[in-house]
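First the structure, in the form of structure tokens, and then the observations on it.
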Amino acid sequence: MKARGTFTVKSFVPAELKLKPESEPEPTAPTGTPVGVATIEKSFEGEVVGRSVTLFTAAFDQEAGVGTYVAMESFEGSLHGRRGAFNFAHSSTTSGSDRTAEFFTIVPTSGTGELAGIAGTGGIAIDADGTHRIWFDYQLG
């Protein structure tokens, strides 16, 4: 089954990292691209209805618009009207105007309620007008 929807970011809150006196994250491993951590809350509409809370990590160069993110989301709501919750993970790399090296998976055994046994993949796309789209290619087992 394939469930499609759109989402909006309701909040994006950078997490404070433990800092050394020199204002570097502890422990340090200096690289050419800074790493940040945040929590995100999203709202979904369409065949995917509900909300998610995300743990988000990125190595991103703001000036160049280049970087990679890794995210773990906890979703609660419904797919095609089936209610429950599950986790999914995704990552992507950008060189400024593209998305490459994309990864998206539903975490095995994470489903609850009518979404118990959910498994599969999916994806995220951002339209030219800024609309954020999501889809799940899933099976219930």
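A few points about this structure:
- Segments classed as strands (runs of 3 or more DSSP E), wholly inside the stretch 1-110, with at least 2 members that are aliphatic (A, V, I, L, M), open to solvent by 30 Å² or more (accessible area, probe 1.4 Å) and at pLDDT 90 or above: 2-14, 48-61, 66-79
- When the stretch 79-131 is filtered for residues that are touching a helix residue (DSSP H, G or I) at 6+ places or on another chain (Cβ under 8 Å) and without any contact (Cβ under 8 Å) to a residue 24 or more places away in the chain, nothing remains.
The values are calculated or read from the model by the stated rules, or taken from the named source; none is laboratory data. Just so we're clear, the structure is a prediction, and the values are computed from it rather than from any experiment. As a convention, Cβ positions derive from the backbone with ideal geometry for all residues, glycine included, and neighbour counts pool all protein chains shown. Just so you know, the surface numbers come from the protein's heavy atoms only, side chains and all, with ligands and any DNA or RNA stripped out. Shrake-Rupley method; radii C 1.70, N 1.55, O 1.52, S 1.80 Å.
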